[in-house]
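What follows is a set of notes on a single structure, which appears directly below.
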Amino acid sequence: MNVYEGSVLTVNAQDEVFRYLVEDRGRIVFVGDELPPAYAGQPVISLGTRALAPSFVDTHEHFASFATFNAGLNVMDARSNREIMQMASDFAKRSKAKILIAFGASPYSVAEGRLLSREELDAACPGKPFMMGKYDGHACVVNSKLLELVDDTVRDLRGYHPDTGEMNQEAFFAVSDFITASLSIPELISNMLHAMDYLASKGIGMVHTVSGIGFAGDLDITLEKIVGRGAQHGFQMRVFPQSLDVTVATSRKLPRIGGCFACALDGCFGSADAALIEPYAASGGCGVLYYTDEQIIDFCKQADGLGLQIEMHAIGDAAFAQAARCLKAALDATARADHRHGIIHGCLPTAEGIEICAEHGIQMPMQTSFIDWPQEPDSYLESLLGPARAARLNPIRTLWDRGIVISAGSDAPCTDPDPIMWMDKAVNNPNEDERLTRREALRMCTYNGAWTSFDERERGSLEAGKIADMVVLSANPYEVPAADLGAVEVERLILSGKPYRPQSKNIAAALIRGLASKAKI
């Protein structure tokens, strides 16, 4: 039994803050201001100036991809290609991997204003195959050693640029498939276990992972299901297969389907292929809408009719409008209640689409980390979309006030899974009209995430009877000045009442544990 005293941020329906929380055998047994006599003799853990809150939920992450890239080199903080070259050179010298992987390069966050080239990557690493992934997960640059290995496969595909080494569209997916196929199952599982530990260090106790890309036979979905069920120390995983084939979910007895890639209705702003109603200001053209309404309505009706939860990627306003009207068509046909279907990203929603979401209970896993994002800065978005349209991006206040449930996801590996950053960006949004309060931001990152995967009865708030999944923060986010919210730190993650410890099972044991477990996934 543990008795905590201090600022207990419950994130319950009334957003109450209490003085005491009592945990016993992994469950919360009391929350309130006056400690009952039954617990009076127990040792007290004083929080002091710290705060106790529900653990965080990442509601949109490509976990297998994040695990792979997390084991490689992250160059997101670099501000020049020269710096990236030095990082790549240093990484090549210390890494024992046969194929080197880096991630996070952006033409918009470096002084040169372009992706580094194959020639520059050759200079940094001439001896080993090297893939430098673009920040948006839709392109990469390969060095000559890697190009030699994949050239026969990619040379006739769209997006093949051997002169610069940049691979996008179909060529990028082929390179990604080659990279993932080169990883052994033990490597993949080891990377996943280390990725769980990284997420836990950020206070994340549950991740919603969207998978089913780049791995033969959807191996990533299968492994995530097994590894997630075998996770130790209370870490939770909820798997979404990225497919329009409902049998990919039903054959694995998963209650949900969706994500990006095969479930993406459009592209992204970084590659200027997000689907827009009006042409891009910078280049003309309206991006790419990958499917017809008939195709998406058919998918939604199939999935909804089977009782599956649906989520789909939509970045541009044309894609958002399509997602909303296709989900509406399916729901109008079934009149299904409490479905919790969602539109991922929703960066540029339409007024009509917002009304559909509000009326039909469609939720939105959003990425506040996209706000004022160094990899895709506001200046770039304004030049791409025009100032008026750029000002309509990520309208979290508007959506919140319409009663649409917004949760927070990282889209990792595209952005760092950092819930403190998610809250900071939501509260200190440069667009002051679209800011959330600090209490709303914490709810977005905790309770709403649990609610999104039907876990709110057990997790997401600190209430008697629930599982004691909690995080100790260095300060009370309700009380620190809004401008200082980003300085709050995660000091400890507590899952099922116990401080999180690193995943310690060896790979074989993790597989056996996962195959034998009946834990929710």
Item to complete: Considering only segment 104-138, state which residues are in contact with a Leu (Cβ under 9 Å, 6 or more places away or on another chain), of a type in the set (A, V, I, L, M, F, W, C) and surrounded by fewer than 22 Cβ atoms within 10 Å (Cβ to Cβ).
Response: 110
Item to complete: Kindly indicate whether any position in segment 265-283 is more than 30 Å from residue 113 (Cβ to Cβ), surrounded by fewer than 18 Cβ atoms within 10 Å (Cβ to Cβ) and not acidic (Asp, Glu).
Response: no
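Mind listing whichever residues of segment 230-260 are among the basic types (Lys, Arg) and within 19 Å of the chain's Cα centre (by Cα)?
Of everything in segment 230-260, those that are among the basic types (Lys, Arg) and within 19 Å of the chain's Cα centre (by Cα) turn out to be 238, 256.
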Item to complete: Within segment 244-258, track down each residue that is in contact (Cβ under 8 Å) with a residue 24 or more places away in the chain and not in a loop (DSSP other than H, G, I, E, B).
Response: 248, 249, 250, 256, 257, 258
Worksheet entry | Neighbours by Cβ (under 6 Å, 6+ apart or cross-chain): first from segment 469-484, not assigned by TED's automatic domain parsing to the domain that holds residue 429; second at pLDDT below 95 and not small (Gly, Ala, Ser) | none
Worksheet item: Within segment 349-372, restricting attention to residues that are under 18 Å from the mean Cα position of the chain (by Cα) and in a loop (DSSP other than H, G, I, E, B), which residue is surrounded by the fewest Cβ atoms within 10 Å (Cβ to Cβ)?
Response: 372
Fill in: Residue under evaluation residue 226, criteria (1) in a helix (DSSP H, G or I); (2) touching a residue at least 60 places away in the same chain (Cβ under 8 Å); (3) hydrophobic (A, V, I, L, M, F, W, C); (4) in contact with a strand residue (DSSP E or B) (Cβ under 7 Å, 6 or more places away or on another chain), criterion not met
(4)
Worksheet item: Can you tell me which residues in segment 452-497 are over 25 Å from residue 61 (Cα atoms) and not in a loop (DSSP other than H, G, I, E, B)?
Response: 482, 483, 484
Fill in: Conditions (1) under 30 Å from residue 468 (Cα atoms); (2) among the hydrophobic types (A, V, I, L, M, F, W, C); (3) in contact (Cβ under 8 Å) with a residue 40 or more places away in the chain: number failed by residue 221
(3)
Discussion item. Yes or no: segment 508-517 includes at least one residue that is of a type in the set (Val, Ile, Thr) and either crowded, with 16+ Cβ neighbours inside 10 Å or without any contact (Cβ under 8 Å) to a residue 60 or more places away in the chain (or both).
Written reply: no
Discussion item. Looking only at segment 465-521, filter to residues that are polar (S, T, N, Q) and under 18 Å from residue 206 (Cβ atoms); which one of those is modelled with the highest pLDDT?
Written reply: 496
Worksheet item: In segment 422-451, which residues are surrounded by fewer than 24 Cβ atoms within 10 Å (Cβ to Cβ), in a helix (DSSP H, G or I) and charged (D, E, K, R)?
Response: 432, 433, 434, 438, 439, 440
Worksheet item: Only one residue in 142, 175 is within 26 Å of residue 119 (Cβ to Cβ), in contact with a Lys or Arg (Cβ under 7 Å, 6 or more places away or on another chain) and crowded, with 21+ Cβ neighbours inside 10 Å. Which one?
Response: 142
Item to complete: Looking for whichever is modelled with pLDDT under 95, of a type outside the set (Asp, Glu) and within 15 Å of residue 60 (Cα to Cα) here; the options are 240, 261. Which one fits?
Response: 261
Worksheet item: Looking at (1) under 26 Å from residue 452 (Cα atoms); (2) out of contact with any Asp or Glu (no Cβ under 6 Å at 6 or more places or on another chain), can you tell me which one residue 12 breaks?
Response: (2)
Worksheet item: Can you name the residue in segment 126-185 that is aromatic (Phe, Trp, Tyr) and in contact with a helix residue (DSSP H, G or I) (Cβ under 6 Å, 6 or more places away or on another chain) and, of all such residues, is farthest from residue 89 (Cα to Cα)?
Response: 160
Item to complete: Select the helices (runs of 4 or more DSSP H) contained entirely in segment 141-222, then report the ones holding at least 3 residues which are modelled with pLDDT of 95 or more and charged (D, E, K, R).
Response: 144-154
Worksheet, complete the sentence: (1) touching a residue at least 40 places away in the same chain (Cβ under 8 Å); (2) over 23 Å from the mean Cα position of the chain (by Cα) all hold for residue 151 apart from (1)
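Return a yes/no flag: does segment 292-304 have any residue that is within 15 Å of residue 345 (Cβ to Cβ) and either in contact (Cβ under 8 Å) with a residue 24 or more places away in the chain or touching a strand residue (DSSP E or B) at 6+ places or on another chain (Cβ under 8 Å) (or both).
First, pick out the residues of segment 292-304 that are within 15 Å of residue 345 (Cβ to Cβ): none.
So far as segment 292-304 goes, no, none of its residues is within 15 Å of residue 345 (Cβ to Cβ) and either in contact (Cβ under 8 Å) with a residue 24 or more places away in the chain or touching a strand residue (DSSP E or B) at 6+ places or on another chain (Cβ under 8 Å) (or both).
The values are calculated or read from the model by the stated rules, or taken from the named source; none is laboratory data. The shown structure was predicted, so the numbers you read here are calculated from the model rather than taken from an experiment. Quick reminder, even Gly has a Cβ in these numbers, built from the backbone with ideal geometry, and neighbours come from all protein chains shown.
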